[in-house]
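Derivation of every value follows stated rules applied to the coordinates shown; laboratory data play no part. Everything numeric here is computed off the predicted structure, so don't read it as measured data. Quick reminder, even Gly has a Cβ in these numbers, built from the backbone with ideal geometry, and neighbours come from all protein chains shown.
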Amino acid sequence: MKIIETKTPVNLAELTAFLSSKLVPAFKERRQTDIGLQVTQNGNTVTVAAPNLYDSFLFQIEDLGTELHIIKSEHYTDDVNVLTLEDILNSTLLEYPGRDNINFIAEES
């Protein structure tokens, strides 16, 4: 799990729209394929999934006020699509809150 602590709370609806507009085209460009990525919000969680190809979520982002917890599905850790998506997601998540709004980023197992 990756934890991003921000100085101010993140607007989850804006984050969902931002990820939808960035992740899907970046993944298509990098992998030259369309796996039907979906970015959805349910309560305080944003889910990144590809239901046509995978049975469960690929990533979940939980909003805990000034902390975002990014959880990677344990079922697909070595999958090339998930590894590509993780790389794109990491850089995209630095863009949304802005580097000046991030206090720190931590990795937990």
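Overview of results
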read-out	value
Using alpha-carbon coordinates, inclination of helix 12-31 to the longest axis of the chain, degrees	40
Exposure proxy ranking, count of Cβ atoms within 10 Å, fewest first, for Glu14, Glu5, Glu108	Glu108, Glu14, Glu5
Cα-based Lys pair tally, the chain, threshold under 22 Å, eight or more apart or on separate chains	4
Reference-scaled alpha-carbon Rg (2.2 N^0.38 Å with N residues) for the chain	1.00
In degrees, nearest ten, helix 80-95 long axis to first principal axis of the chain (Cα)	30
Mean ellipticity per residue at 222 nm, deg cm²/dmol - from DSSP H runs of n ≥ 4 across the chain, formula -39500 (n - 2.57)	-11000 deg cm²/dmol
Ranking of Leu15, Leu68 by count of other Cβ atoms within 10 Å, fewest first	Leu15, Leu68
